[in-house]
1. List, please: which pairs have Cβ atoms under 6 Å, are six or more places apart or on different chains, and start with a residue in the stretch 97-109 that is acidic (Asp, Glu) and end with one that is modelled with pLDDT of 95 or more?
2. Quick one: count up the residues across the stretch 135-182 that are within 19 Å of LEU124 (Cα to Cα), outside any strand (DSSP E or B) and in contact with an Asp or Glu (Cβ under 9 Å, 6 or more places away or on another chain).
3. Has the stretch 282-298 got at least one residue that is under 25 Å from LEU62 (Cβ atoms), aliphatic (A, V, I, L, M) and in contact with a Phe, Trp or Tyr (Cβ under 6 Å, 6 or more places away or on another chain)?
4. Give me a count of the residues in the stretch 15-54 that are surrounded by fewer than 15 Cβ atoms within 10 Å (Cβ to Cβ) and either within 21 Å of CYS103 (Cα to Cα) or in contact with a strand residue (DSSP E or B) (Cβ under 9 Å, 6 or more places away or on another chain) (or both).
5. Restricting attention to the stretch 254-304, which residues are in contact with a helix residue (DSSP H, G or I) (Cβ under 6 Å, 6 or more places away or on another chain), within 13 Å of the ligand (Cβ to nearest atom) and in a helix (DSSP H, G or I)?
6. What pairs come up if the first residue lies in the stretch 57-76 and is more than 16 Å from ILE176 (Cα to Cα), the second is among the aliphatic types (A, V, I, L, M) and within 11 Å of the ligand (Cβ to nearest atom), and their beta carbons are under 6 Å apart, counting only those six or more places apart or on different chains?
Amino acid sequence: MTMSLNELNDHFAIPNIVRFEPGAGGRTVCHITNRYADASIALHGGHVLSYTPKDQHDLLWLSSESSFEQGEPIRGGIPVCWPWFGAHPEDESLPAHGFARRCRWEALGCETLPTGDTQLNLILRDNECTRHCWDYGFELELIVTVGKQLRVDLVMRNTGDTAFTCTAALHTYFDIGDITTTTVDGLDGHTYIDTVGGANTRHQQQGPVTFGGEVDRVYLDTTDTCIIHAPARHRRIEVAKQGSRTTVVWNPWIAKAQRMPDFGDDEYTEMLCVETTNAADDLVELAPGASHTTTAILEAQPGD
Ligand code: TA6
């Protein structure tokens, strides 16, 4: 049941901390401000749009060309890619990265934790539209905890009577200021699949990940925390995770940026995706009644 703006604020608003307001494209956005940070989350797509720690620059990047139209994904922030990551394994006509980021989610709860963090729970359940392209019963819950860190838990539940297998991503876009001076530690020695141009060749990472062209890599069998060094923003960003054994690193560079209508031609220089994923061979298999949680924990550290 879709709540109106008034019903959302009647049920979940917290004076001076949480409020629901209309956003771009008329999309309902939950605005959170507490002693640690400000954040905004659109019900459209269950999409974290921004997370700005006090006295810092927004950690997340959002394209100035993003669409906010019904049924279209938002470009930037933290898209929820589910129940498949990338192209649909059998049917290319289905939208890339699944349907969850294109649907309207509903608010389930909102509270201030003893730590002073603010926690928002959103839910997406199977419906006529989702069953049209993926005929399974599910609940997808997004738990967004805003504090000194930004923690995002994606809880996938099989509520039907048929087992299913899915892949997923918290496809986080970081604002790093200048891709040419940005590096990523934490993936040294890991095998990755290079998917640029459909190559899908395997390589081993040597040292930090650096950027001098399009990078689109699925790092395999890694539970490690990544550290993004972003000197242009005078900070490093810790990207920790749980429930995920693959990490995707992506920058479109010039040509691919120019091919994307919801991405400014020169915007590739200011963003980097380090994605918390269940991709490639990291499949999530859920029997009826089973669940799995994939978690991203992001924290900015001044310095660099
Ligand atoms: O996560 C990397 C990736 O799969 C890239 O190949 C690129 O397609 C990116 O996701 C964005 O996908 P989107 O469907 O949001 O344009």
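1. Hits for this filter: GLU106/ILE123.
2. Kept after step one, since they are within 19 Å of LEU124 (Cα to Cα), are these residues of the stretch 135-182: 135-145, 151-171.
Now drop any that are not outside any strand (DSSP E or B), which leaves 135-137, 159-163, 167, 171.
The next check asks that each one be in contact with an Asp or Glu (Cβ under 9 Å, 6 or more places away or on another chain); those that pass are 135-137, 159-160, 162-163, 167, 171.
Total meeting the criteria: 9.
3. Initial filter on the stretch 282-298 (under 25 Å from LEU62 (Cβ atoms)): 294-298.
From what's left, aliphatic (A, V, I, L, M): 296-298.
Now restrict to residues that are in contact with a Phe, Trp or Tyr (Cβ under 6 Å, 6 or more places away or on another chain): none.
Checked against the condition, which is being under 25 Å from LEU62 (Cβ atoms), aliphatic (A, V, I, L, M) and in contact with a Phe, Trp or Tyr (Cβ under 6 Å, 6 or more places away or on another chain), the stretch 282-298 yields no hits at all.
4. Filtering the stretch 15-54 for residues surrounded by fewer than 15 Cβ atoms within 10 Å (Cβ to Cβ) gives 15-16, 21-22, 25-26, 35, 54.
Checking which are either within 21 Å of CYS103 (Cα to Cα) or in contact with a strand residue (DSSP E or B) (Cβ under 9 Å, 6 or more places away or on another chain) (or both) leaves us with 16, 21-22, 25-26, 54.
Total satisfying the criteria: 6.
5. Residues satisfying the conditions are ALA257, TYR268.
6. SER66/ILE74
The values are calculated or read from the model by the stated rules, or taken from the named source; none is laboratory data. Not measured: the values here are computed from a predicted model. Quick reminder, even Gly has a Cβ in these numbers, built from the backbone with ideal geometry, and neighbours come from all protein chains shown.
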